[in-house]
Every structure is written in structure tokens, then in C-alpha cells.
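Participant: Below you will find the structure I want to go over with you.
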Amino acid sequence: MQVRRRNPDRTVDVPGPRTVGELLDHLDVNPTTVLVIHDGQLVTSGHTLPDDAAVEIRPVISGGAGPMRCFVCREPAVIEEPRHRSAWCGPHFLDHVHGQVRKAIDAPRGTAWSDDDGHGRRMFSYGDRILVAVSGGKDSLALWRVLLEMGYAVDGLYVGLGIGGYSDRSGSICRDFAERYAAPRGRRLITVDLADTYGYTTPTGSRASDRPACSVCGLSKRYVFNKVAVDEGYDVMVTGHNLDDEAATLLGNMTRWHDHFLARQRPLLPATGTNQVRKAKPLYRLSEREMAAYCVIAGIDYVVEECPLVDGNTGHEHKEALNLLERNSPGAKAQFLFGFLDRAEAIAPAPDDAGDTVGTCASCGMPTTSEICAFCRQRERILKTLPVSG
Ligand code: AMP
Ligand code: ZN
Ligand code: ZN
């Protein structure tokens with residue numbers, strides 16, 4: 001059959017017979033956005049069109065024709081986001097991301113704790129000294145740029161994990177970014193190399209302690225983030241965890257009912273006890289895809305490849321499961337995470353342990369609930385087995 005489509009006017013040949021519904025499906029047209037006209041009559045989805053039919057599919061949504069347009073300025077859009085039922089041109093998409101980050105900073109969900117350190121429930125303020133952990137990936141570099149653009153006093157911290165060429169590229173991308181965006185604003189990049197400072201790398205530490213690379217890496221990073229922030233006098237440590245990261249972690253913690261982790265899953269965690277800084281995740285409202293788009297539009301060079309040590313890690317399965325849900329009902333991922341955060345104090349209350357149960361490590365002075373902290377214990381185990389280099 002000859003099918004006439006409009007805006008722009010064109011004719012496509014589709015074999016028949018088939019019903020109107022099947023035809024629209026075949027052409028990937030949403031039935032609620034068009035009228036179908038056969039022999040001058042309107043026809044509905046069950047109507048069968050013979051092979052020799054001449055049919056017109058006429059769009060009915062004004063402004064819906066042609067290229068999608070930015071919902072702010074009506075210029076052609078470069079990205080659409082079904083979750084927000086919006087599309088944006090480049091500059092207005094950058095504004096959208098900034099707006100979501102601003103919302104996260106000003107009113108983070110799940111922070112019912114009353115504040116006694118003078119910060120309010122904001123993640124941080126203009127007077128705070130902020131340290132952002134940058135990995136060379138899209139999220140953390142974009143976050144550093146957003147915060148600098150907003151005028152926050154934010155330095156970067158890169159931890160060299162010794163994962164071969166992958167770490168080499170990550171480090172050099174962070175240094176280039178720092179030179180281009182941070183240095184002109186008087187901000188700096190701090191670099192800590194695990195091997196130089198602590199005597200092991202992620203791969204050597206994983207082999208020596210017979211622990212998965214991701215667990216050695218995660219514990220080391222969390223420790224170094226807090227230690228550097230404390231030693232250098234920062235008020236808050238921020239990371240680039242995004243909506244997909246947080247929703248996937250939540251799903252993982254819920255399927256296994258890790259109550260302890262659920263109680264600590266918040267975009268803003270206060271400092272509890274000595275030698276601890278507050279932690280914030282200002283990207284928790286933005287998806288992975290939005291952050292990648294931000295980097296492309298803003299011209300940020302980032303490491304696209306995945307860490308070579310990650311394999312079969314369950315975080316990825318949880319992301320895939322959530323993406324499946326999101327595909328059929330846009331917004332599902334955000335509803336899942338935000339819904340949890342809005343109820344978090346009722347279903348997984350944050351431990352009321354400020355200062356009491358948290359002591360300091362006898363070896364390094366960082367916070368711990370045992371005598372020697374998990375990091376020092378892990379490091380000792382690693383160094384005992386590692387051949388002494390020299
Ligand atoms: P990941 O655990 O790799 O998903 O990273 C989560 C966040 O941790 C990133 O967005 C960064 O803020 C931070 N991060 C990860 N790797 C590093 C690194 N090597 N150095 C500094 N920060 C990092
Ligand atoms: Zn626009
Ligand atoms: Zn320690």
C-alpha cells in the first residue's frame with residue numbers, strides 16, 4: 001500500500017494487508033499523535049487496509065513535526081529525555097543539568113537529620129572548602145565543571161590506583177582538565193598515588209590479599225578520600241555518583257536487605273565523630289546518559305573505557321534491570337530512588353551514632369568502630385605478602 005506521511009511530505013510503500021494498528025507499529029508511530037485516513041475516511045486501529053490501499057498518516061500535534069525542538073527556546077534539540085518529557089538545545093541542556101545539581105545541593109532528599117555543624121541541610125555553601133574526587137570518568141569531571149561554573153570553591157582529588165594503561169590515561173585526563181578549567185579559577189588537583197603512598201596498587205593488593213579487586217579498590221579510595229579531606233582541611237567531600245549508580249546500589253542493597261548499607265544510602269551524610277568530613281553526591285538526580293551528554297556538549301574529554309578489572313560485577317546487572325524498567329516506564333528509576341529517600345528515615349533510619357560508637361584507629365587516627373581500621377588491617381595483610389620492591 002502507498003502510505004503518505006507529512007511534515008516532511010513523503011510516500012512509503014508498505015506491504016498489505018494489515019490493520020491500522022499494525023501499520024503504525026511497523027512505522028514506529030505513536031497512535032495518539034496521528035490520524036489515519038483511508039478513502040477520505042478516518043479509520044481506527046482495528047480497520048484492515050488492503051494491499052492496494054492509499055493511506056495518509058496525518059500528524060495532529062502542532063509543533064510535533066520535523067526535528068524535535070528545545071522546549072525552552074524552540075531551536076532544534078540535540079537531546080531528549082523521556083523522563084522529563086523534554087528536549088533541549090545544547091546551552092539549555094547545560095542549564096538543565098546545572099538546575100538539577102542546584103536542587104540536589106539546596107535540598108537533598110533523605111536528610112531528616114537536624115544539623116548541628118552550622119551547614120543547614122544544604123550539601124554545602126559558598127563559604128565551604130569542597131573537595132571533589134575525580135576519576136577521569138564523565139560524572140566526576142562534569143561535576144567538577146558544574147561546581148566551578150556555579151562559583152563554588154572546589155579542588156579535585158585523583159587517586160592513582162596503578163591499573164596499568166587505564167590509570168595512566170585517567171590521570172592524564174584529570175591533569176588536563178585541571179589545567180584547562182580549574183587552574184584558571186585558582187583551584188588545584190591533588191594527586192595521591194596508592195603505590196607511592198601506601199606501597200601497593202589495586203592489582204597487586206588484590207592478589208596479595210586474595211580479595212576481589214573492586215573491594216580492595218573501594219576500601220582504599222574511600223579511605224584516601226576522607227584522609228586527604230581531613231588532612232587538607234576540607235569541609236565536604238563530593239563524588240560523582242549519579243542516579244543510575246545510586247538506584248543500582250539501592251536495588252542491590254534491597255534484594256539482599258543489607259540494612260546497614262540502606263541506613264547509610266543518602267546523597268548527604270553528616271560527619272560523625274572526629275577526623276571525618278561530610279560526604280555529598282550532587283549528581284544523584286541526573287542519569288548516566290545525561291552526564292555523558294553533558295560532557296559531549298561541554299567539550300569535556302573523559303575516559304570512555306571501563307576499568308579492565310571490573311568483570312561480572314553485580315552492580316552492572318542491577319543497572320540493566322533498572323534500564324529495562326525505565327524503557328517501558330520513563331521515570332521508574334528516579335521514582336525508585338527518590339521514593340526510597342523520601343521514606344528512608346522511616347524504613348532504614350540513619351544510625352544515631354554521632355561520635356559515640358565511632359572511635360579512631362590506633363594506627364592511623366582515622367575513624368573506625370574497631371581498634372585498627374579496616375584500611376590499616378587490609379594494608380598490613382597486603383604488605384605482609386607482597387614481595388618487597390627495591
Ligand atoms: P566508581 O566507584 O568508579 O563508580 O566511582 C564513583 C565516584 O568515585 C566517581 O564519580 C568519583 O567521584 C570517585 N572516584 C572513582 N575513582 C576515583 C579515582 N581513581 N580517584 C578519585 N576519585 C575517584
Ligand atoms: Zn534552547
Ligand atoms: Zn587506620
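The values are calculated or read from the model by the stated rules, or taken from the named source; none is laboratory data. Since this is a predicted model, take the numbers as computed values, not measurements. Virtual Cβ from ideal backbone geometry, glycine too; neighbours counted across all protein chains shown. With ligands, DNA and RNA removed, areas are computed over all heavy atoms of the protein, side chains included. Shrake-Rupley method; radii C 1.70, N 1.55, O 1.52, S 1.80 Å.
Participant: Considering only protein heavy atoms, what per residue accessible area in square angstrom results for the chain with a 1.4 angstrom probe?
Facilitator: 51
Participant: Now for a different question. When the solvent-accessible surface of protein heavy atoms is calculated with a 1.4 angstrom probe, in what order do 44, 197, 33 fall, highest first?
Facilitator: Largest accessible area first, the list is 44, 197, 33.
Participant: For the chain, what proportion of DSSP beta bridges, expressed in % and rounded to the nearest 5, is antiparallel?
Facilitator: Counting DSSP beta bridges with both partners in the chain, the antiparallel share is about 50 percent.
Participant: Do any of 279/333; 103/279; 319/384; 227/333; 138/333 go past 28 Å between their Cα atoms, and which?
Facilitator: In this structure, 319/384; 227/333 exceed 28 Å between Cα atoms.
Participant: In the chain, if the dipole is taken from +1 on Lys/Arg beta carbons and -1 on Asp/Glu beta carbons about the Cα centre, which of 271, 186, 86 is farthest to the positive end?
Facilitator: My answer, from the dipole projection, is 186.
Participant: Shifting gears a bit: Work from the charge dipole of the range 216-343 (Cβ charges, +1 for Lys and Arg, -1 for Asp and Glu, about the Cα centre) and give the residue of 335, 325, 307 farthest towards its positive end.
Facilitator: Sorting the options by dipole projection puts first 335.
Participant: A follow-up question, please. Please report the net charge: other residues with Cβ closer than 9 Å to the Cβ of residue 289, K and R +1, D and E -1.
Facilitator: Combined, the nearby Lys, Arg, Asp and Glu give -4.
Participant: Among 147, 100, 127, whose Cα sits farthest toward the positive end of the charge dipole of the range 38-191 (+1 at Cβ of Lys/Arg, -1 at Cβ of Asp/Glu, about the Cα centre)?
Facilitator: 127
Participant: Moving to a separate point now. Could you rank the peptides 81-93, 141-153 by their average count of other C-beta atoms within 10 Å per residue, with the highest value first?
Facilitator: 141-153, 81-93
Participant: Between the range 251-322 and the range 175-241, how far is it from one alpha carbon centroid to the other, in angstrom?
Facilitator: Centre-to-centre distance over Cα atoms comes out at 16 Å.
Participant: Hey, another quick one. To one decimal place, what orientation-averaged projected area in nm² is obtained for the convex hull of the Cα set of the chain?
Facilitator: 24.1
Participant: So, counting K/R as plus one and D/E as minus one, what does the shell of residues with Cβ under 12 Å around residue 141 add up to?
Facilitator: Taking every Cβ under 12 Å from that of residue 141, the sum is +1.
Participant: While we're looking at this one, here's another question. Cβ under 14 Å from residue 201's Cβ, residue 201 left aside: what net charge do those residues give with Lys, Arg +1 and Asp, Glu -1?
Facilitator: That works out to +1.
Participant: What size of dipole, in debye to the nearest 20, comes out for the chain about its Cα centre when the only charges are +1 on Lys and Arg C-beta atoms and -1 on Asp and Glu C-beta atoms?
Facilitator: Charge dipole, the chain, about its Cα centre: 500 debye, nearest 20.
Participant: In addition: With every protein chain left in place and a probe of 1.4 Å, what is the accessible surface of residue 140, to the nearest 10 Å²?
Facilitator: The accessible area of residue 140 comes to roughly 10 Å².
Participant: Can I ask one more? Determine the shape class of the range 249-390: with a ≥ b ≥ c the square roots of the Cα gyration tensor eigenvalues, call it rounded for a/c under 1.5, and otherwise prolate if a/b is greater than b/c, oblate otherwise.
Facilitator: In terms of gyration-tensor shape, oblate.
Participant: State to the nearest 20 debye the size of the charge dipole of the range 241-390 about its Cα centre, where the only charges are +1 on K and R beta carbons and -1 on D and E beta carbons.
Facilitator: Dipole about the Cα centre, nearest 20: 240 debye.
Participant: Within the range 219-288, list the GluC sites (Glu not before Pro) lying in a DSSP loop whose Cβ has at most 14 other Cβ atoms in a 10 Å radius.
Facilitator: 232
Participant: Give me the angle, in degrees from 0 to 90, between the Cα long axis of helix 314-328 and the longest principal axis of the Cα atoms of the chain, rounded to the nearest 10.
Facilitator: Helix 314-328 and the main axis of the chain meet at about 30 degrees.
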